[in-house]
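Q: Input: one structure, supplied below.
Just so you know, all these numbers are worked out from the coordinates, no wet-lab data involved. If you're wondering where the values come from, they're calculated on a predicted model, not measured in any experiment. We place every Cβ from the backbone using ideal geometry, glycine too, and count neighbours over all the protein chains shown.
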Amino acid sequence: MTPGATTGTFLLGLGAQKAGTAWMHRYLESSPQCDPGFRKEYHVWDALDLPSGHVVRERIERQGGERARFLHEPGHYVDYFTGLLDAGARLTADITPAYADLSVERLSGIRAAFEARGVRTVAVYLMRDPVERVWSAVRMDARRRGVDHPGAAENRLKKVVDGDHYAQRTRYDAAISRIDEAFGPDAFYGFYESLFDRGTLQDLCAFLGIDFHEPDFGRQVNVSPKEDGALTDTTVRALVELFAPVYAAVAQRFPEVDLPALWPSMRLL
């Protein structure tokens, strides 16, 4: 393959968790022009680089197979996805929200490795109202742990503090800074609240180099039910105060977006 000869697009999905990445993956893989391989989240680079990745690395090592080979031969990761494009796909992808915490050096290195093979490499990062994102993540974890007594999710939410992994994954400002530096104009930013819209999806497909196809807006993926009803105003205010720098940074970075309309919790700032 001659360097610079475009064979298709590799999408590195960087999150955010609970911001629509699972639905986006299902939508993209339903296109005949997209082949994302054998899973949505490959968890290769977080397993190699991030302190939080040691658990998933141990699990991948135990399971063996293709992903274990990716860990030991990172070049094979590039070979695998490039092979999907060479087989005829226009788009392939690894959508792993934990990658949002990767360093600029790692993100740039992944991009360079694919581009050396003639593959256009892009990033996609979706964001959601910080209060809703954290609450959804807490409910998901509570459900997984079998903690379903009334108020369990909100009680856990009250313990979210700066540095907590729930808060860390809501630092959109820090992630955007790294993504901008590594990908520049080859990064697509979207919002969960406007993701389920034909116009947004048309823009996304055009960015990724595939034809738009009609979505199934009625299909829900990885939804965290709100059995406990609405959060109390006290909890919401505490979270808004915690994430005030995130709201400010996102509003400044995307001045064309009516952020208060998308993220109602901003009313408490």
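Q: Work out how much length Ala112 to His165 would gain on full extension: take 0.36 nm times their residue separation and subtract the Cα-Cα distance, in nm to one decimal.
A: 16.2 nm
Q: Between Met140, Met24, Met127, find the one with the highest GNM mean-square fluctuation for the chain; connect C-alpha pairs within less than 10 Å.
A: Met140
Q: Rank Ala137, Ala244, Ala93 by mean-square fluctuation in a GNM of the chain with C-alpha springs under 10 angstrom and give only the top-ranked residue.
A: Checking each option, the largest mean-square fluctuation is seen for Ala244.
Q: Work from the charge dipole of the range 1-112 (Cβ charges, +1 for Lys and Arg, -1 for Asp and Glu, about the Cα centre) and give the residue of Leu12, Ala100, Trp23 farthest towards its positive end.
A: Working it through, the farthest residue towards the positive pole turns out to be Trp23.
Q: Additional query: Compute the angle between helix 74-86 and the longest alpha-carbon principal axis of the chain, please, reported from 0 to 90 degrees and rounded to the nearest 10.
A: 70 degrees
Q: Still on this structure, I have one more. Rounded to the nearest 5, what is the percent of antiparallel bridges among the DSSP beta bridges in the chain?
A: Percent antiparallel among DSSP bridges in the chain is about 0.
Q: Provide the convex hull volume over Cα atoms per residue for the chain, in Å³.
A: 132 Å³
Q: Next question. Helix-derived [θ] at 222 nm for the chain: sum -39500 (n - 2.57) over DSSP H runs of at least 4, divide by residue count, nearest 500?
A: It comes out at -14000 deg cm²/dmol, rounded to the nearest 500.
Q: In debye, nearest 20, what is the charge dipole magnitude of the range 9-268 about its Cα centre with +1 on Lys and Arg Cβ and -1 on Asp and Glu Cβ, if you could check?
A: Charge dipole of the range 9-268: 620 debye, to the nearest 20.
Q: Something else about it: Taking 8 Å as the Cα distance limit and 6 or more residues as the minimum spacing, I'd like the relative contact order of the chain as a percentage.
A: Taking the mean separation of contacting Cα pairs over the length of the chain, I get 27 percent.
Q: I need the phi-derived Karplus couplings for the range 178-183: 6.51 cos²θ - 1.76 cosθ + 1.60, θ = phi - 60°, integer Hz, Gly and Pro marked x.
A: Karplus values, whole Hz, x for Gly and Pro: 5, 5, 4, 5, 7, 10.
Q: With springs connecting C-alpha atoms under 10 Å apart, model the chain as a Gaussian network and identify which of Leu239, Leu11, Leu50 has the largest mean-square fluctuation.
A: In this elastic network of the chain, the residue with the biggest mean-square fluctuation among Leu239, Leu11, Leu50 is Leu50.
Q: Amide H neighbours of Met127 under 5 Å, at least 5 residues apart or on other chains, H built in the peptide plane: list them.
A: Those lying under 5 Å, H to H, from Met127 are Ala16, Gly190, Phe191, Tyr192.
Q: Positive end of the charge dipole of the chain (Lys, Arg +1 and Asp, Glu -1 on Cβ, about the Cα centre): tell me which of Ala137, Gln33, Met266 has its Cα farthest that way.
A: Ala137
Q: What's the longest uninterrupted piece of the chain once you rule out the trypsin sites (Lys or Arg not before Pro) that are loop residues per DSSP with at most 11 other Cβ within 10 Å?
A: Longest run free of exposed loop sites: 1-144.
Q: What ³J(HN,Hα) values, in whole Hz, does the Karplus curve 6.51 cos²θ - 1.76 cosθ + 1.60 give for the range 39-48 when θ = phi - 60°, with x put for Gly and Pro?
A: With the stated coefficients, the range 39-48 comes to 6, 7, 9, 8, 6, 8, 6, 5, 5, 7 Hz.
Q: With θ set to phi - 60°, apply the Karplus curve 6.51 cos²θ - 1.76 cosθ + 1.60 along the range 16-32 and write out the HN-Hα couplings as whole Hz, x wherever there is a Gly or Pro.
A: 7, 4, 6, 10, x, 5, 5, 5, 4, 4, 4, 5, 5, 5, 7, 7, x
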